[in-house]
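Participant: Sending over a structure as structure tokens; questions will come in a sec.
Read-outs throughout are calculated quantities, based only on the coordinates presented, and are distinct from any laboratory measurement. For clarity, every value in this text was computed on a predicted model and none was experimentally measured. Cβ sites come from the backbone with ideal geometry, for glycine too, and all protein chains shown count toward neighbours.
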There are 2 protein chains.
Amino acid sequence: MQAYKDILCSRGADRYRPNHQGGRHNVRHSGAAAESPVDVTELISAVDAFDVRFPTSRDLDGSDAMNPEPDYSAAYVVVRTSGGDEGHGLAFTVGRGNEIEVAAIRALAALIVGLPVAEALADLGGVSRRLTGDSQLRWLGPEKGVIHMAAGAVLNALWDLRARREDKPLWRLLAELTPTELVDLVDFRYLDDALTRQEALDILTASAPGRAGRAERLVADGYPAYTTTPGWLGYTDDKLARLAAEAVSDGFAQIKLKVGADLTDDVRRMRLAREAVGPDVRIAIDANQAWNVGQAIEWLRPLAEFEPYWIEEPTSPDDVLGHAAIRRQVAPIKVATGEHTHNRVMFKQLLQAGAIDILQLDATRVAGVNENIAILLLAAKFGVPVCPHAGGVGLCEMVQHLAMFDYVAVSGSMDDRVIEYVDHLHEHFTEPVVIRSGRYVAPEGPGAGAMLHPRSRIEYGYPDGAQWAGRVPEVIS
Amino acid sequence: MQAYKDILCSRGADRYRPNHQGGRHNVRHSGAAAESPVDVTELISAVDAFDVRFPTSRDLDGSDAMNPEPDYSAAYVVVRTSGGDEGHGLAFTVGRGNEIEVAAIRALAALIVGLPVAEALADLGGVSRRLTGDSQLRWLGPEKGVIHMAAGAVLNALWDLRARREDKPLWRLLAELTPTELVDLVDFRYLDDALTRQEALDILTASAPGRAGRAERLVADGYPAYTTTPGWLGYTDDKLARLAAEAVSDGFAQIKLKVGADLTDDVRRMRLAREAVGPDVRIAIDANQAWNVGQAIEWLRPLAEFEPYWIEEPTSPDDVLGHAAIRRQVAPIKVATGEHTHNRVMFKQLLQAGAIDILQLDATRVAGVNENIAILLLAAKFGVPVCPHAGGVGLCEMVQHLAMFDYVAVSGSMDDRVIEYVDHLHEHFTEPVVIRSGRYVAPEGPGAGAMLHPRSRIEYGYPDGAQWAGRVPEVIS
């Protein structure tokens, strides 16, 4: 314990300076370095959690049928090592209750503080099971909601730490792991009736030969995006039509509209959007869980003439059988869901039941990179394209790595695949996404994408940051 | 605001004295009083949350395949009114992370503090939707995990408050509501493809004529219980055999054993238990989610000769299709689940998919009494018996009210229905359950069952209560 404190103090001077040089650390998983001794003196020294909230409700950005006034927020994690390195992660929430997520991150911290850094980063599969498997904390889910998202935030911060130390963007780090290293990251518990470890290995092995070529194409051409910016429910018709037309001229081949609050409005807005973008641009629509099963089927009938490409979250995210029933009735409109699908077991069933045409994984809803690898493998097994959910705070920055890894090393395809793009809050991130001609440019900077500028983290800190002080609503209690 | 504070101060003297006299308040729903003016001067003045933990891991009470060392805990709620009344509720957890649940309760408090008491208690359906529907807090579930359990704890405290003011046990309060009042309590969102409001009304109307007779029989005979006390994994063979034999001589017709950690142990323990109880006593077994789907089917084969009555939680609680697959393979062993089933949408699917023979609702996993009424109605629609999960902290005290209400006013039957019973921690409650000849005696005291003795709440308060001070493990952070 004394030794650990000594390390912490002696390294204090560069504690906040991330190490991007790579190679200084002997990391067990890094191929040539495998024979070198593992550094067991460097420990995970702290897991700091911050409540950061952006007052997006003031302009109705992000307004939809279920979320009329979100304040996009991050339960933000910084994992620190005694060697002075940092990894950054976050769980996305929409305002109130972000402090609960922060409390959950703090509860998980005890599971990893004190671990040797090199060992932990070389066995993130084991760390993942440690974070989701604590027998007492698990009760709070299990594997769902606040505690599961917290596990994801911490684990993603560890991935960010590893990527920074290897001086690679996360997508490239993952795409350079061997098939065996990748399946070692996955928890196959509850999965093997749909996907065995061997089947996963086979999928990854089959796509391995094309990795290098696809990575080159990705860097050259980027990854297709679609934009939700025009379609928020709170926007006027004029703003909708203008932003839809702008999206097309910016090169997007797909836009998305929020629906589900009022059918007359939806028909009018859908017509406006179709007129604005023309017949060849895809229009996805998103009900954000507003409907019952039968109601979804009825509501979509008058919208069909405008040829929506997919209907997203038509009903409860928990309703696997409901999605399957809707899908049978509304074809050729595709059914999409996933941003609230809380773990791999639910995704497994959505696929087994033939409930979805499009799988929308999210960077911070499930238990981080590892569970998302499981979900990508499930989707590949069932041949369902993954079109990640993004927007919010940092979701674009984070989830692009998963889609790009999927292209390079798992599905091997960009066909009918798009990453959601929403144009706000990027300026707060140290590696903001870059969109060019309707496509995500592959990030080349090190890390997993979630790092906020320290200035933003402080200014939007809740409730004491400059953006909030004096504005927090009074609560009677 | 000033007026509200005046009320609070003037009533301060009797703030902690629960009012059990009834009749003092004009409550809109109370039949004859419906014409009287509603008291709008009495407000919900506070929602206090407490972290209470019992160190059960010291004796391995409650040990099972997934929970080797639980410290049974309660995120405990006291709702207070400006008139000096109190309502008590709790969410059950198993130790670490109980503070997260407490934080969630505090976040929900702002939704009900300041409401007029009479209006809130007369419209607990509306309050329920308020607690689960807040557009920002909802994101943390939605309707699952920490935030949903917190909504249940707060709502159950309001039910306790109402029952105390009406001077009735909760089961009787519910059983005296009209069918229309009962369906008004239910949120049918996401349910109507399996159960419409009209169908629910029909079920309740059909069983209404027999209510009085059944209430009498319930009071006379009690409600069947089964005991889990013999079967914890951490117990020795001798202790298992002794407690199993004792259970039979105490009048229980069913016991339960934990399984799933080691097959050889399970076979041996199951044989011992069968020898101890004889051929006519039912032995349920409980794997606490330990298995994958195929593994469950394999594991149960060598246990079948001992005729287990049901297999509980064979796999992930989220795996509706997995439970259905297991059920098809292991009959005549029945499949039971529910203590971790996080909301009515999941129960709906378990029933739609034919995944369960036995539905095990829990008093604190879902959003309280209201959602459990929805679940009882779903079970009645599908003809599946409800055998509640209990044990933990106060779960027996709380859930008995739901089973008894089910008997009197919903299913109208006790056939193949049993409430779990575990013999620990009852002494901490002001209305501990009474078991006589293997049956729960119907409680007649007012309230919903969750009220802890103030002494216990303080002594087991975490981390500063006398039972914990000095014992809390040091955490590096």
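Participant: Output the Cα-based Rg and Dmax of region A:230-271 in Å, rounding Rg to one decimal and Dmax to a whole number.
Facilitator: 10.2, 30
Participant: If one takes the longest principal axis of the Cα atoms in chain B, at what angle in degrees, from 0 to 90 and to the nearest 10, does the Cα axis of helix B:211-221 lie?
Facilitator: Roughly 60 degrees between the two axes.
Participant: Obtain the nm distance between the two label points defined at A:Asp250 and A:Asp48 by a simple spin-label model: each point lies 7 Å from its Cα along the Cα-to-C-beta direction.
Facilitator: It works out to 3.3 nm between the two label points.
Participant: Just tell me which aspartates and glutamates come within less than 18 Å, Cα to Cα, of B:Lys381; anything on the same chain fewer than 8 places away is out.
Facilitator: B:Asp184, B:Asp187, B:Asp192, B:Asp193, B:Glu199, B:Asp202, B:Asp357, B:Glu371, B:Asp406, B:Asp415, B:Asp416
Participant: May I pose another question? Once you compute Rg and the Kirkwood Rh from C-alpha atoms, what is the Rg to Rh ratio for the protein assembly as shown?
Facilitator: Rg/Rh for the protein assembly as shown comes to 0.96.
Participant: Taking amide H positions as placed 1.01 Å from N in the peptide plane, with prolines and chain starts having none, which residues 5 or more places from A:Val434, or on another chain, fall under 5 Å of its amide H?
Facilitator: A:Val441
Participant: Using only the alpha-carbon atoms, how far is helix B:320-330 inclined from the longest principal axis of chain B? Give it as 0 to 90 degrees, nearest 10.
Facilitator: 40 degrees
Participant: Just to be sure I understand: of the beta bridges DSSP finds with both ends in the protein assembly as shown, what percent are antiparallel, rounded to 5?
Facilitator: Expressed as a percentage, antiparallel bridges in the protein assembly as shown total about 55.
Participant: Could you sort A:140-148, B:250-258, B:321-329, B:298-306 so that the peptide with the highest average Cβ count within 10 Å comes first and the rest follow in order?
Facilitator: A:140-148, B:250-258, B:321-329, B:298-306
Participant: Under the convention of a label 7 Å out along Cα→Cβ, give the distances in nm from B:Ala212 to the same position in every other copy, shortest first.
Facilitator: 8.8
Participant: Computed FRET efficiency, Cβ-Cβ of A:Leu263 and B:Glu181, R0 35 Å: what is it to the nearest 0.05?
Facilitator: So, using R0 = 35 Å, E works out to roughly 0.65.
Participant: Still on this model: Could you list which residues have their amide H under 5 Å from that of A:Leu43, counting only those 5 or more apart in sequence or on another chain, with H placed in the peptide plane?
Facilitator: Correct list: A:Ser82, A:Gly83, A:Val117.
Participant: I would also like to ask the following. Taking the axis about which chain B rotates onto chain A, which residue of B lies nearest it as judged by Cβ position, and how many whole Å separate them?
Facilitator: B:Gly145, 1
Participant: May I pose another question? In peptide B:90-103, how many Cβ atoms from other protein chains are near each Cβ within 10 Å, on average?
Facilitator: 6
Participant: As an exercise, use a Förster radius of 60 Å and the Cβ-Cβ distance of B:Asp202 and B:Thr41 to find the FRET efficiency, rounded to the nearest 0.05.
Facilitator: Calculated value: 0.90.
Participant: Right, something else. Using the 2.2 N^0.38 Å rule of thumb for compact globular proteins, work out how region A:66-187 stacks up: its C-alpha Rg over that value, please.
Facilitator: Cα Rg divided by the expected 2.2 N^0.38 Å: 1.09.
Participant: Moving to a separate point now. State the answer as a single residue: which of B:Ile255, B:Tyr440, B:Ala241 lies farthest towards the positive end of the charge dipole of chain B, with beta carbon charges of +1 for Lys and Arg and -1 for Asp and Glu, about the Cα centre.
Facilitator: Going by the charge dipole, the pick is B:Tyr440.
Participant: With every atom except the alpha carbons ignored, what do you get for Rg and Dmax of chain B, in angstroms?
Facilitator: That works out to 21.9, 71 Å for Rg and Dmax.
Participant: How tilted is helix A:145-165 with respect to the longest principal axis of chain A? Cα atoms for both, answer in degrees (0 to 90, nearest 10).
Facilitator: It works out to around 60 degrees.
Participant: Determine, from the Cβ-Cβ distance of A:Ser437 and A:Glu216 and an R0 of 25 Å, the FRET efficiency 1/(1 + (r/R0)^6), rounded to the nearest 0.05.
Facilitator: After rounding to 0.05, the efficiency reads 0.85.
Participant: Next up: Work out the mean other chain Cβ neighbour count within 10 Å for the residues of B:311-320 and drop it here as an integer. Intermediate values should be presented prior to the final figure.
Facilitator: Working: counts 0, 0, 0, 0, 4, 11, 6, 14, 9, 8.
Neighbouring Cβ atoms belonging to other protein chains average 5 per residue here.
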